[in-house]
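Here the structure comes first, spelled out in structure tokens, and everything after it is commentary.
The values are calculated or read from the model by the stated rules, or taken from the named source; none is laboratory data. Source: prediction; values computed, not measured. Don't worry about glycine lacking a Cβ; one is built from the backbone with ideal geometry, like all the others, and counts go over all protein chains shown. Quick note on the areas: whole protein, heavy atoms, side chains included, nothing else; ligands and nucleic acids left out. Shrake-Rupley method; radii C 1.70, N 1.55, O 1.52, S 1.80 Å.
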Amino acid sequence: MSNFQMNRRGLLKTGAVMGAGMAMPTILTAGSHGGYVNAPTGSTVTLGFNVPQSGPYADEGADELRAYLLAVKHLNGEGDGGMMNTFSSKELKGNGILGREVVYVTGDTQTKSDAARASAQSMIQKDGAVMITGGSSSGVAVAVQALCQEAGIIFMAGLTHSNDTTGKDKKANGFRHFFNSYMSGAALAPVLENAYGNDRVAYHLTADYNWGWTTQESVQAATEAKGWTTVANVLTPLTATDFSSYIAPVLNSGADVLVLNHYGGNMINSLTSAVQFGLRDKLVNDKNFEIVVPLYSRLMARGAGANVKGIYGSTNWHWSLQDDGSKAFVKSFGEEYGFPPSQAAHTVYCQTLLYADACERAGTHNPCGVVEALEGFDFDGLGNGPTHYRAGDHQCFKDVLVVRGKENPTSEFDLLEIVEVTPRAQVEYPVDHPMMGDGNLGTCNPGT
Amino acid sequence: MAKHNDKLVLLIFSIIVLLAPLLLAPTGAAYPDLMQRFAIYGIFAIGFNILFGLTGYLSFGHAAFLGVGSYSAVWMFKLLSMNIIPGLILAVAMAGLFSLLIGYVSLRRSGIYFSILTLAFAQMSYNLAYSVLTPLTNGETGLQLRLDDPRILDAAPVEGVLPSTNLFGLEMREVFWNPTFMGYELQFNYGFYVSAFFLILSFYIAIRIFRSPFGMMLRAIKTNQTRLNYTGISSRPYTLAAFVISGMFAGLAGGLLATMDPLAGAERMQWTVGGEVVLMVVLGGMGTLTGPVLGAVFIKYFENIFSKINAVVLHGWFSFMPTWLENFIVMIIYPFVGKGWHLTLGALFMLVVIFLPGGLVDGAKRIGGLFRRKTKQEA
């Protein structure tokens, strides 16, 4: 039946040939490197924009991509320059980065770590990208950040809010401009205390994954420090769409505040269901029942519609801010696309500019040079007021916005109003804060 | 019984695989990461084909074994050594153990009930890995290497730098030869050749199984299991063996994924991954030897190359045309590339299933058949 047989001699021969074949190329190894991975040699420099174009965060991804394209335009000297004009560092001249024209490649993370790493890997190996940026979920950001660390590429994180990104899983080649769960808790707690008093009883519904946990932990710690008590923390599966069975027990728990540690579609569904159950019309412990959403985004607010009215949350940036940087950014984004940018768009635009500026100041794209230029960098004019890139964990420190759903929105973009700009000092924490885990930054890796 | 020239098939297959960095250069797929994916998912599909192609048992749960393989390998990298050998051994062993367990339960039923059982197990493993077993799997973020892992067999690494996976010192991601050939910059790296070695080995094992009495028994199960049972043969040991073998292949693939990129995430266990391997096998040609590999390459190519074609790239391609025509053509093509790659793949899958029930291999055979008939007529 079979004429396929491999005898000992055949095996030895094949093995020897294969061994020789594998060994030969090592003799011919060519070393053509500029001291670091993907050093640009021609007249262009390639950046990799790795965002979710499908999956639950596709809306955020689409808005991020718009901002990236705008940033590339501005860096190359097209358009009105946006926040380059208000940025406190004046190294960027609109002639690309270090005189090279900026080009880009895009990829789809599918909001999955595996797909995101495959996409980033192809940008590094095939397209010669010298920096990867993007992500709209902490799991993906942490995964891609680790890949970039191993490959010797700079990673500029996009929308990622988990403490882990610059805490437990921080990496020397990775930088985050966005705020995190700890800052949300620290900024929200005083506002909540003023609005709802200091003897509240909170009930947490938490998305059952890393981001949900760190957010819940941060908010619980911050509110308990103000005198609140926490009666329960119920974990909900990330894939849940119907939250009615989770909402019903809240009423009988004696809690008078519901904290929804949910994001994206989860938050839209859980909030809608909580409001439909009439929670907000109830009186518990002689107090109005309230709902809090620690991390807000405009795209989510739009999904939840009228249900967000009067509900507190925190956000990294909002287009209604009136400083010069924000106004310049909203203007050029609006002229390009016809509507105001989201916080996701803002943070990735800033990250792109910050990277370009760091390269200019370092005089190289070498990751170690960029890391040195960004560590401890103080800047202003990018919409968040004076900002500091901390050397110890590569996290940006800046003011945090506490927002509330608007009672009378004038358009589908005008859904949130800024209640308070929490000053930076109030949300700062030491690098070795216990909530940040026992991460190790390591050293910068230029690859090769 | 038709005569098979297996030696020739294996030889041609090996040559094509080993020359992949050269042969794939014009397609834009010749970078190490994607070529390794081709090889690894090829192994996954070959293994799956032993179960699905031979016995006809359709399992949606093989993603679970892929995930188990990856987690096992990463744990070995963390605890024992960055050398890939212990990791791969544990990956195959653990996947074998898991598939024995799941197979033992699921194979009590056949047909659609078997498929649903495996689907349920896969979903269960995914949820376990995603949240319940977080101490073991690191949940949503995925299991990663850390600087302070023990790695008891390895020498202390350079301070602040994560060691990389290696085979006795040969680093997996190192490109050892980087020549320029006909204008293409070729990248030969160790990781790909390790995966290629296992792909050829898997292919060889698959040939042996296909041609063995055991393989014949599996085919008999597919053809008419009831009849087999009436002749007094218990088919379950055979199906269970096939299930465990294919599970171990999946474990090997999972382990290799971890050697290439030492991170194991829960989504590797999601049922969509299990569904993808079904697509690969059906698309390539179920029950054939080369079909699964072909299907795996096809799907991974779409996922990684097609999904990265954006509007700018398209405008670049058609820039020689007058602007209005360029914009028009880009407008028509754009929905089918970039984020629309699923659409194109779905349409192609439908075409293949409708017109080429035997998959791509069937198509190749038909084209070959056309030629042969012609030459005969001429003679």
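Can you classify the range B:222-379 as rounded, prolate or oblate using the Cα gyration tensor, where a ≥ b ≥ c are the square roots of its eigenvalues, rounded means a/c under 1.5, and otherwise it's prolate if a/b beats b/c and oblate if not? Spell out each step's value before the answer.
Details: a/c = 2.77, a/b = 1.43, b/c = 1.95.
Oblate is the answer for the range B:222-379, as a/c is 1.5 or above yet b/c matches or exceeds a/b.
Taking a straight line from the alpha carbon of B:Lys339, these aspartates and glutamates sit under 12 Å away, with near neighbours fewer than eight places off in the same chain left out: A:Asp108, B:Glu303.
Legend: mean number of C-beta atoms from other chains within 10 angstrom of residue C-beta atoms, peptide B:256-268, equals 4.
Only helical DSSP H runs with n ≥ 4 go in: add -39500 (n - 2.57) per run for chain B, normalise by residue count and round the 222 nm mean residue ellipticity to 500 deg cm²/dmol.
-21500 deg cm²/dmol
Our helix-only sum for chain A, with -39,500 (n - 2.57) per DSSP H run of n ≥ 4 divided by its residues, gives a mean residue ellipticity at 222 nm of -12000 deg cm²/dmol. Only protein atoms count toward the accessible area here, which uses a 1.4 Å probe; on the protein assembly as shown, the carbon and sulfur part of that area reaches 62 percent. Springs between Cα atoms under 10 Å define the GNM used for chain A, and in it the highest mean-square fluctuation of A:Ser218, A:Ser54, A:Ser270 occurs at A:Ser54.
Mind giving me the FRET efficiency for B:Ile367 and B:Leu79? R0 is 35 Å, r the Cβ-Cβ distance, nearest 0.05 is fine. Present the calculation step by step, with values, prior to reporting the outcome.
Numbers: r = 51 Å, r/R0 = 1.46.
Efficiency, rounded to the nearest 0.05: 0.10.
Of all aspartates and glutamates in the structure, those lying under 15 Å Cα to Cα from A:Lys309, and not within fewer than 8 positions of it along the same chain, are A:Asp281, A:Glu290, A:Glu407, A:Glu412, A:Asp414, A:Glu417. Summed over both chains, the area buried between B and A is near 4800 Å², taken from the accessible surface of protein heavy atoms with a 1.4 Å probe.
The spacing between the range A:410-431 and the range A:250-264, judged by their C-alpha centroids, is 22 Å.
Could you tell me which of rounded, prolate or oblate describes the range A:319-448, using a ≥ b ≥ c as the square roots of the eigenvalues of the alpha-carbon gyration tensor, with rounded for a/c under 1.5 and, failing that, prolate when a/b is larger than b/c and oblate otherwise? Could you put the intermediate results ahead of the total?
Details: a/c = 2.54, a/b = 1.50, b/c = 1.69.
Because a/c hits 1.5 or more and a/b fails to exceed b/c, the range A:319-448 counts as oblate.
Over the range B:132-280, what is the relative contact order in whole percent, taking alpha-carbon pairs under 8 Å and six or more residues apart?
Working: 95 pairs, mean separation 43.4, N = 149.
It comes to 29 percent, rounded to a whole number.
Which of rounded, prolate or oblate describes the range B:122-264 when judged by the alpha-carbon gyration tensor and an a/c cut-off of 1.5? Judged from the Cα gyration tensor, the range B:122-264 comes out oblate (a/c at least 1.5, b/c at or above a/b).
Taking the Kirkwood radius as Rh and the Cα radius of gyration as Rg, the protein assembly as shown has a ratio of Rg/Rh equal to 0.99. With chain A treated as a Gaussian network of Cα nodes joined by springs under 10 Å, which of A:Asp393, A:Asp169, A:Asp323 yields the largest mean-square fluctuation? Fluctuation is largest for A:Asp323. Distance from the Cα centroid of the range A:372-408 to that of the range A:107-125 is 27 Å (rounded to whole angstrom).
Highest mobility in the GNM of chain B, judged by mean-square fluctuation with C-alpha springs under 10 Å and restricted to B:Ile207, B:Ile245, B:Ile332, is found for B:Ile332.
When only C-alpha pairs under 8 Å and at least 6 residues apart count, what is the relative contact order of chain B, in percent? Let's see the in-between values first.
Details: 610 pairs, mean separation 107.3, N = 379.
In percent, rounded to a whole number, it is 28.
What is the calculated FRET efficiency for A:Gln276 to B:Leu136, with r their C-beta to C-beta distance and R₀ = 60 Å, to the nearest 0.05? Intermediate values should be presented prior to the final figure.
Numbers: r = 38 Å, r/R0 = 0.64.
Once rounded, the FRET efficiency stands at 0.95.
Accessible surface ranking for A:Ser411, A:Ser113, 1.4 angstrom probe, highest first: A:Ser411, A:Ser113. Within the range B:6-284, DSSP assigns beta bridges of which about 90% are antiparallel (rounded to the nearest 5). Here is what passes the span test in chain B: the DSSP H helices with alpha carbon length of 30 Å or more along the helix axis and a Kyte-Doolittle mean of -0.5 or above are B:32-55, B:84-106, B:190-211, B:236-260. What is the magnitude of the charge dipole of the protein assembly as shown about its Cα centre, with +1 placed on the Cβ of each Lys and Arg, -1 on the Cβ of each Asp and Glu, and no other charges, expressed in debye to the nearest 20? Computed about the Cα centre, the dipole is about 4380 debye. Coordinate range of the alpha-carbon atoms in chain A per principal axis, descending: 86, 67, 40 Å. Distance between the 7 Å Cα→Cβ label points at A:Thr410 and B:Leu11: 8.0 nm.
Rounded to the nearest 5, the antiparallel percentage of DSSP beta bridges internal to the range A:182-315 is 10%.
When exposed loop sites are taken as chymotrypsin sites (Phe, Trp or Tyr not before Pro) in a DSSP loop with at most 11 other Cβ atoms within 10 Å, the longest stretch of chain B clear of them is B:1-167.
Each Lys and Arg contributes +1 and each Asp and Glu -1, all at the Cβ; summed about the Cα centre of chain B, the dipole is approximately 1820 debye. When only the Cβ of Lys, Arg, Asp and Glu is charged (+1, +1, -1, -1), the dipole of the range B:305-379 relative to its Cα centre reaches about 440 debye.
Projecting each Cα onto the charge dipole of the range B:305-379 (Lys/Arg +1, Asp/Glu -1 at the beta carbon, about the Cα centre), which of B:Pro322, B:Asn310, B:Thr344 comes out farthest on the positive side? Farthest towards the positive pole: B:Thr344. For the pair the range B:262-333 / the range B:22-84, the C-alpha centres are spaced 18 Å from each other.
Positive end of the dipole of the range B:90-187 (Cβ unit charges, origin at the Cα centre): among B:Thr180, B:Gln144, B:Tyr126, the Cα lying farthest that way belongs to B:Tyr126.
How many percent of DSSP beta bridges within chain A run antiparallel, rounded to 5?
On the way: 17 of 56 bridges.
Around 30 percent antiparallel, to the nearest 5.
Computed over every Cα-Cα pair of the range B:6-284 and binned at 5 Å starting from 0, the pair-distance distribution P(r) comes out as 1, 6, 12, 16, 17, 15, 13, 9, 6, 3, 1, 0, 0, 0 percent.
Let me check against my output: what whole-number percent is the relative contact order of chain A, with C-alpha pairs under 8 Å and at least 6 apart? Relative contact order comes out at 19 percent.
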